[in-house]
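Working notes for the structure below.
The values are calculated or read from the model by the stated rules, or taken from the named source; none is laboratory data. Note that the structure is a prediction, hence the values are computed from the model and not measured. Here the Cβ positions follow ideal geometry from the backbone for every residue, glycine too, while neighbour counts run over all protein chains shown.
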Amino acid sequence: MKLSRRIEDQILLLKIKHGDQEAFAIIYDKYVDALFRFVVFRVRSEEIAQDITSELFLKIWQHITTSPTNVENLRAFLYQMARNLVADHYRTTQETLPLEEAIEVEGSGAKDLNVRLSLAEVEKGLSNLPGEWQEVVILAYIEGFKHAEIAAIIGKSPAATRVLLHRAIKELKRILNQATY
Amino acid sequence: MNKDNLIHQLHELGSIKRAPALWREQTRSRLLKQIEVTAFKPFSLAERLVYGWQQTRLTLAPMHLAPVIATVLIMVIGYSPFSVALATSLPGSPLYPVKRLAEKFELSLRSSSDSQGLFYLTLAGRRLSEVKTVSGADVATQAELFRDYNINLGFAQASLETGLPSTDLAKTYDQATDILAANLNVLTPAPANRQVYKVALDLTSKVSSRALALLVSQHGSNGDGVKSAEVADRLATEIAKVEAKLEGVEAKIQLFPENSPAPRVVITSKATVVPVAEASKQAKDNLAEAKELIARNEFGLALQKVQESEDLTAKSEAAVTEEETTTEEEAKSETELEETPATETGEVKGDSTEPTEDPAKPTSEVVPQPESGGAGEAAEPTPIPQQ
């Protein structure tokens, strides 16, 4: 992680700890899209993803302002919280939710139909991966996390994460190849 | 589909998936209303320092100055005779400002909070060693070094609090603060620096307690990280320290005159005020309970008891020291009054019927008694001193 971003996050965290709403709004603006994306890929419903993301930010505020321990890596912490809420969601509903709609393309006029269809297939393939495999693929290739950061989020060693990611990509390729033929 | 293509598609997927704009804005407004707070919590001094430091680093971060300047500095410092002279330079020496500058650069090269925290601990230790070499008469330098010690330890503490430190880090902090405390205890600050010295003692004890608490909690959460015997030993050392302090307190309590009212101490946990002897007994009981808890490997509870005991001991120590100082001052003022000639204090000892030194002076004119207390209160009206 870049040093300047880490320092910036630490300053924001310090301000939030003291009840600074503006700092919280900055964090919201900075991370809402990424967290929403992570959640929506996992729950496959925009409506549920919206509810979970709202709840997530409220919990982030409560945690930072009340917890005595400080957050070292904000980005990793946010995804850990998101991951926990998604897990809670699946625990309470105990079902797999259907893919609600095709990919919503914002400002994608320049993209041709083939690419869009292909992306829809990739997303479907992704949704067929087991939960943890899905997470590591999203974190690594959609959100751009490094192995060590993913390891911190999912609570595994970097080596185990690398193996997990390798297997997940292999499986995704298999699913997509099967769908094509 | 090959792997590269798939990864490219996944990147693409990430770049097009966003939260709906309307929902994003509505949620933002709703959240900000929900989290509305009435009072902004003030920043502590340590937090202000951390905040200021982070802001400076943020400003300097895009400039990429550090590597260039550091390289130049390392080349200069790396020159051996200079390096030795620099490392051993003391306040007042022409090289000392260069040494401090080099420390700042070394710090800026450390990117993780753990490594920065450890370096701050090193710097705190260096400032203490320098205090030892400074003459007691140089009050200003001594005060500055104590202040720098406090600042460095404050930063080290902040880094300890950032995230969950590893067992090794908690152990290092624990050992380092133990050494720092031992070094601090042998120092004698100039009277004008007692306050800053007290802050240094308190801060060191605070960081040490926090490191110990982390060790205990890490034993609880991960049995492989800290061994039970290790935690038990560490707690036993802490208990021994408190017991030694308590002995000192009890010795002072014994010296109180029988009928004098004993100072009282607030027991925060019980919200009561008790005589100092009772507080010290309570502290002793807590330590006994802590020992039993340690024997049962209940380290968390044992630590709690030790901390309660430390708190009570510190309060009792402060109460008896205050009492002792007051008694000493009273005794001192009594002695002074007895030894001081009447012409200096404006008091006359002995029988008031005796003639004054100068019979020409009128005896009817008197001035008010000075507020000297003790023997002065019993003195007779004083004649106006001769001009």
Point to revise | Top-ranked residue of the range B:25-35 - restricted to ones that are within 7 Å of chain A (Cβ to nearest Cβ) and over 11 Å from A:ALA25 (Cβ atoms), ranked as modelled with the highest pLDDT | key: B:THR27
Practice item. Evaluate the following for B:ALA158: is it surrounded by 19 or more Cβ atoms within 10 Å (Cβ to Cβ), under 26 Å from B:GLU308 (Cα atoms) and modelled with pLDDT under 90? Key: yes
**Study point:** Which numbered condition A:ASP33 misses (of (1) touching a residue at least 12 places away in the same chain (Cβ under 8 Å); (2) within 10 Å of chain B (Cβ to nearest Cβ); (3) over 30 Å from B:ALA158 (Cβ atoms))
**Key:** (1)
Exercise for review: Please work out which one of (1) more than 19 Å from the chain's Cα centre (by Cα); (2) modelled with pLDDT of 85 or more is the condition B:PHE146 fails and give its number.
Suggested key: (1)
Check your understanding: Which residues, counting only those in the range B:211-252, are at pLDDT 85 or above and of a type in the set (Lys, Arg)?
Key -> B:ARG234, B:LYS241, B:LYS245
Practice item. Looking only at the range A:77-88, decide whether some residue is within 11 Å of chain B (Cβ to nearest Cβ) and assigned to a helix (DSSP H, G or I). Key: yes
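Within the range A:156-179, which residues are of a type outside the set (A, V, I, L, M, F, W, C) and in contact (Cβ under 8 Å) with a residue 12 or more places away in the chain?
Matches in the range A:156-179: A:THR161, A:ARG162, A:ARG167, A:GLU171.
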Study note, to complete from the structure: Subset of the range B:161-183, residues under 17 Å from the mean Cα position of the chain (by Cα) and either within 27 Å of B:HIS219 (Cβ to Cβ) or buried (at least 21 other Cβ atoms within 10 Å of the Cβ) (or both), comes to B:GLU161, B:TYR173, B:ASP174, B:GLN175, B:ALA176, B:THR177, B:ASP178, B:ILE179, B:LEU180, B:ALA181, B:ALA182
Check your understanding: Counting only residues that are among the charged types (D, E, K, R) and at the interface with chain A (Cβ under 7 Å from one of its Cβ atoms), which one in the range B:1-21 is farthest from the chain's Cα centre (by Cα)?
Key -> B:LYS3
Exercise for review: Provide a single number: the residues in the range A:38-57 that are within 20 Å of A:VAL136 (Cα to Cα) and either modelled with pLDDT of 90 or more or more than 9 Å from chain B (Cβ to nearest Cβ) (or both).
Suggested key: 10
Review point. Is it the case that B:LEU107 is closer than 22 Å to B:PRO91 by Cα, within 14 Å of chain A (Cβ to nearest Cβ), aliphatic (A, V, I, L, M) and outside any loop (DSSP other than H, G, I, E, B)?
Key: yes
Point to revise | Condition broken by A:LEU139, with the remaining ones in (1) under 21 Å from A:LEU85 (Cβ atoms); (2) more than 9 Å from chain B (Cβ to nearest Cβ); (3) without any contact (Cβ under 8 Å) to a residue 60 or more places away in the chain; (4) not in a loop (DSSP other than H, G, I, E, B) satisfied | key: (3)
